[in-house]
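The values are calculated or read from the model by the stated rules, or taken from the named source; none is laboratory data. These figures come from a predicted structure and were not determined experimentally. Here the Cβ positions follow ideal geometry from the backbone for every residue, glycine too, while neighbour counts run over all protein chains shown. Heads up: the accessible areas ignore ligands, DNA and RNA and are worked out on the full protein's heavy atoms, side chains in. Shrake-Rupley method; radii C 1.70, N 1.55, O 1.52, S 1.80 Å.
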Amino acid sequence: MKPELTKYIVFSYFSGDATPLQKEMVLKWLEDARNVELYFTWLEEWEKMHIQFQPDPAEALTKVKAKLRHEEQPTVTPEHLPVRRISGKMVLLWAAACLFLMSFAAFWQRELLIYRTYHTAFGEQTRFQLADGSSVLLNANSTLKVPRWGFGKSTRHVFLDGEAEFSVQHTHDNQYFKVHNADRSLITVLGTEFVVYTRARKTSVVLNKGKVEISSPAGDQPLTMLPGDRATVGKSGHIIIEKLSDEKLAEHSAWTEHRLVFDDTPLYEVARRIHELFGVEVKINGKELAARTATGSFPAKNADELLSILSYMYDFEIKKAENKVILIPNR
């Protein structure tokens, strides 16, 4: 009967007390990418039980990379895995981290070790709570990176590429929560609710409650946003803040209810939005059709549903070819 890998075997691996067979079990188990998050969860739990040592994963990774650059690495087998002990009981955690990194240096990148990554597929939304009590609703085709260690204590920095709605918890020590956007602009808050859209073409922030500071590498001083404001960061890094009506304010959160709101929006912009959210490439035949504008609130759980409604309202035909959808004006 094949032995089962348990949390306590992995704990023995962290402490350097695992047998050669147990080490082999751990390495085989880690070959399945689905076990990586559980590995780090158990590592964090083990750390809390051995608080005498505070690990520095970044330093460990730097040492491993330097070693890999200067000498050819032999194939690592469980029998040759080095184990370092302190007083026969305590093992330096960076040694365990180095063992792990050397075994998988060609596969795992630095960000996987330092950050936990939340990612949504096309057409998917997911809501989750961070360690500091803040909640996030992540829109389709979006990524949020959060530090694995110290979040809510020594840091509250997160990194967003895509679209998200944040409800940030105010901490007792007034620690700032900072959202780093895809264009290197920065949102700084204490406790508030806001929606962020940040992709290669632009960043916009809509504030529902509280107060927010937004800055960009091109600006000298951060700008302050108040409830009802929308800040747009252009390609040059210049920030424009404008006050929105209640109706316009609601439009920016419509995606949280699987709706899209367009206001005299050209169909080529609608096509771009469909590609961002659902991964469907939309080609529009004819400049006249591409410039035709759409207005209204539309259900948007998938691209087919949205395009079907638009085709009826704006008089075009839909054809599918390979991995794209072609919009053809009716004659």
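Under the condition of being part of a loop (DSSP other than H, G, I, E, B) and either closer than 23 Å to residue 254 by Cβ or among the hydrophobic types (A, V, I, L, M, F, W, C) (or both), which residue from the stretch 272-331 is least open to solvent (accessible area, probe 1.4 Å)?
Here the answer is 300.
Is at least one residue of the stretch 241-256 in a loop (DSSP other than H, G, I, E, B) and touching a Gly at 6+ places or on another chain (Cβ under 7 Å)?
yes
Would you be able to say whether some residue in the stretch 172-183 is over 20 Å from residue 143 (Cβ atoms), surrounded by 15 or more Cβ atoms within 10 Å (Cβ to Cβ) and small (Gly, Ala, Ser)?
No, that holds for no residue.
Just checking, how many residues over the stretch 219-231 are touching a residue at least 12 places away in the same chain (Cβ under 8 Å), farther than 12 Å from residue 186 by Cβ and open to solvent by 40 Å² or more (accessible area, probe 1.4 Å)?
Summing the residues that are touching a residue at least 12 places away in the same chain (Cβ under 8 Å), farther than 12 Å from residue 186 by Cβ and open to solvent by 40 Å² or more (accessible area, probe 1.4 Å) in the stretch 219-231 gives 4.
Among the residues that make up the stretch 214-226, is at least one of them in a strand (DSSP E or B), within 24 Å of the chain's Cα centre (by Cα) and polar (S, T, N, Q)?
yes
Can you tell me how many residues in the stretch 135-165 are part of a strand (DSSP E or B) and within 13 Å of the chain's Cα centre (by Cα)?
Adding up the residues that qualify gives 17.
Only residues that are buried (at least 21 other Cβ atoms within 10 Å of the Cβ), under 19 Å from residue 278 (Cβ atoms) and among the hydrophobic types (A, V, I, L, M, F, W, C): list them for the stretch 132-148, please.
Of everything in the stretch 132-148, just one residue is buried (at least 21 other Cβ atoms within 10 Å of the Cβ), under 19 Å from residue 278 (Cβ atoms) and among the hydrophobic types (A, V, I, L, M, F, W, C), namely 138.
Please indicate, with yes or no, whether at least one residue in the stretch 257-269 is open to solvent by 80 Å² or more (accessible area, probe 1.4 Å), free of Cβ contacts under 8 Å to residues at least 40 places away in the same chain and under 26 Å from the mean Cα position of the chain (by Cα).
Yes, there is a match, as at least one residue in the stretch 257-269 is open to solvent by 80 Å² or more (accessible area, probe 1.4 Å), free of Cβ contacts under 8 Å to residues at least 40 places away in the same chain and under 26 Å from the mean Cα position of the chain (by Cα).
Scan the stretch 276-305 and report the pairs whose first residue is touching a residue at least 60 places away in the same chain (Cβ under 8 Å) and whose second residue is open to solvent by 60 Å² or more (accessible area, probe 1.4 Å), with Cβ atoms within less than 6 Å and a gap of 6+ or a chain change.
From residues that are touching a residue at least 60 places away in the same chain (Cβ under 8 Å), the pairs are 278/122; 279/122; 301/258.
Might you check whether a residue that is free of Cβ contacts under 8 Å to residues at least 40 places away in the same chain, loosely packed, with under 15 Cβ neighbours inside 10 Å, over 18 Å from residue 139 (Cα atoms) and basic (Lys, Arg) occurs anywhere in the stretch 236-244?
yes
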